[in-house]
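Only one structure is covered here, and it is reproduced in the block below.
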Amino acid sequence: MIFFFGTRSSTLLTDKLADTNCVYCNERDTVYITVISGYFHIFWIPVFPTGKQYYSHCLHCKQTLSRYQMPVTYQNGLSEISQRTKTPIWQFIGLMLIAIPILFGIIAVIFAK
Ligand SMILES: [Zn+2]
């Protein structure tokens, strides 16, 4: 039997950093933060999340920075956005599909006595 499994990612949120200048081109209110969530899948069904990644990008100069490359001026907005972004429940669907038959089996064994 062939199993298709691996990791995929989806964009959770893209939001503007308010009142922030780009560190490269110094344009105001052109920096956006994108939150990407990775997940492990089996047959393209998400099983569990593998973590979030944060990127900033400037619409004017197209500079893109990862979380650890971002300057201190981006960190306040980034922490607010990261608190607001929750891992979506659909990334646990595979775990639920595995857990539900196990729970029904346990309940059936308990009540069969
Ligand atoms: Zn820029």
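Summary table below
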{"read-out": "Fraction of the pair-distance distribution of the chain above 23 Å, Cα-Cα pairs, percent", "value": "47"}
{"read-out": "In degrees, nearest ten, helix 72-84 long axis to first principal axis of the chain (Cα)", "value": "30"}
{"read-out": "Partners for LYS52 among lysines (Cα-Cα distance below 23 Å; same-chain residues under 8 apart left out)", "value": "LYS16, LYS62, LYS86"}
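All of the numbers you see were taken from the coordinates with simple rules; none came from a lab. Note that the coordinates shown come from a computational prediction; the quantities given were computed from them, not determined experimentally.
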